[in-house]
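Q: Dumping the structure here so I can ask a few things about it.
Read-outs: derived from the displayed coordinates by stated rules, not from any lab. Since the structure is predicted, the reported quantities are computational estimates derived from the model, not experimental observations. Reconstructed Cβ throughout: ideal geometry from the backbone, glycine too, with neighbour counts over all protein chains shown.
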Amino acid sequence: MPHSLRFSVAAFASRRATAAAQAPRAAERWHRLACAVAPVLVPSHRLLVELLRAREERWAAQAVAQEAAERFPGDPEAWMLLGDAWQMVYRHEEALGAYEQALAIEERPDAALAAGALYRRAGRFADAAARFARAFAAGAGPDALRQNAEALFQAGDESAADQALTLWATQVPGGPAQLPALRAALHAPRRASMVP
């Protein structure tokens with residue numbers, strides 16, 4: 001099937017899936033057709049994954065995302081979709097691998113934030129801090145700095161954590177006034193654990 005015809009069929013199927021939103025089984029069939037013929041990753045891939053997840057068919061959703069990543073290995077969005085799908089089935093190590101693959105292709109703030117959250121969950125705080133720093137550098141905004149500071153603190157680098165918080169304070173309205181409370185919140189768990 002010629003490239004342009006595949007685009008046209010995929011676009012038609014996507015429109016039909018949207019029109020069939022109140023009939024999930026019909027919408028699924030149209031999304032599957034769009035995914036099967038599209039020569040690139042299309043919104044139907046994510047919409048199909050979300051539809052299957054809403055029906056608690058998480059492994060079917062993961063299979064759709066896996067196929068997308070295999071068909072379009074150079075598309076970071078396909079790897080993001082796969083990472084999200086792996087998280088749906090609580091396979092965090094596989095999700096992390098998918099997010100890291102997305103980051104290897106393109107500096108994406110969403111991929112860096114997702115990877116940072118998984119590294120933190122795994123207790124790999126230095127790796128988490130590095131990903132949050134990458135997220136900020138890629139445009140994620142000041143909350144990435146706050147998360148970077150928290151991960152640095154958890155990794156035991158209080159000086160770097162304080163520097164990140166100081167930079168965070170320059171990025172948000174009223175940041176300097178919020179800084180003492182944020183520093184206290186970082187230290188609170190440690191102080192609580194020291195109380196006999």
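Q: Assign one of three labels to region 1-84, namely rounded, prolate or oblate, based on the Cα gyration tensor with a ≥ b ≥ c the square roots of its eigenvalues; rounded applies when a/c is under 1.5, prolate when it is not and a/b is larger than b/c, and oblate otherwise. Show your work: numbers first, answer last.
A: Details: a/c = 2.28, a/b = 1.03, b/c = 2.21.
Oblate shape, in that a/c is at least 1.5 and b/c is the bigger or equal ratio.
Q: Treating only the Cβ of Lys, Arg, Asp and Glu as charged (+1, +1, -1, -1), what charge dipole size does region 72-196 show about its Cα centre? Round to the nearest 20 debye. Intermediate results must be reported in sequence, preceding the final value.
A: Working: 11 positive and 15 negative charges, 118 e Å.
Magnitude of the dipole: close to 560 debye.
Q: Once the piece of chain linking SER4 and GLU158 is laid out straight, how much longer is it, given 0.36 nm per residue of separation minus the C-alpha distance between them?
A: Values: separation 154, 0.36 × 154 = 55.44 nm, distance 5.59 nm.
Result for the pair: 49.8 nm of gain on full extension.
Q: Quick one: if you stick a label point 7 Å off each Cα along the C-beta vector at VAL172 and ARG55, how many nm between them?
A: Here the modelled spin labels are 4.1 nm apart.
Q: Per residue and in cubic angstrom, what volume does the convex hull of the Cα atoms of the chain have?
A: Values: hull volume 30.7 nm³, N = 196.
Output value, Cα hull per residue: 157 Å³.
Q: Also, quick follow-up: Pick out, from LEU113, ALA36, GLN22, the residue whose Cα sits farthest towards the positive end of the charge dipole of the chain, with +1 on the Cβ of Lys and Arg and -1 on the Cβ of Asp and Glu.
A: It is GLN22.
Q: Treat each spin label as a single point 7 Å out from the Cα along the C-beta direction, and report the ALA19 to ALA104 distance in nm.
A: My value for the distance between the label points is 4.2 nm.
Q: Restricting to DSSP H runs of at least four residues, report the calculated mean residue ellipticity at 222 nm for the chain, -39500 (n - 2.57) per run over all residues, nearest 500 deg cm²/dmol. Walk me through the numbers before you get to the answer.
A: Details: 11 runs with 158 residues, N = 196.
Roughly -26000 deg cm²/dmol at 222 nm, from the helical runs in the chain.
Q: Between rounded, prolate and oblate, where does region 80-196 land on the alpha carbon gyration tensor, with a ≥ b ≥ c its root eigenvalues, rounded for a/c under 1.5, else prolate if a/b exceeds b/c? Don't skip to the end; give the middle numbers.
A: Working: a/c = 2.55, a/b = 1.49, b/c = 1.71.
In terms of gyration-tensor shape, oblate.
Q: Using r as the Cβ-Cβ distance of ALA122 and LEU182, and R0 as 30 Å, what FRET efficiency do you calculate, to the nearest 0.05? Working shown, then result.
A: On the way: r = 24 Å, r/R0 = 0.81.
The computed FRET efficiency comes out at 0.80.
Q: For the chain, find the longest principal axis of its Cα atoms and tell me its angle to the long axis of helix 175-194, 0 to 90°, nearest 10.
A: Roughly 80 degrees between the two axes.
Q: Using DSSP loop states and a limit of at most 16 other Cβ atoms within 10 Å to flag GluC sites (Glu not before Pro), what is the longest stretch of the chain containing no flagged site?
A: Values: sites that count: GLU56, GLU57, GLU106, GLU107.
That gives 108-196 as the longest site-free run.
Q: What is the spread of the Cα atoms of region 19-64 along each of their three principal axes, largest first, in whole Å?
A: 28, 24, 12
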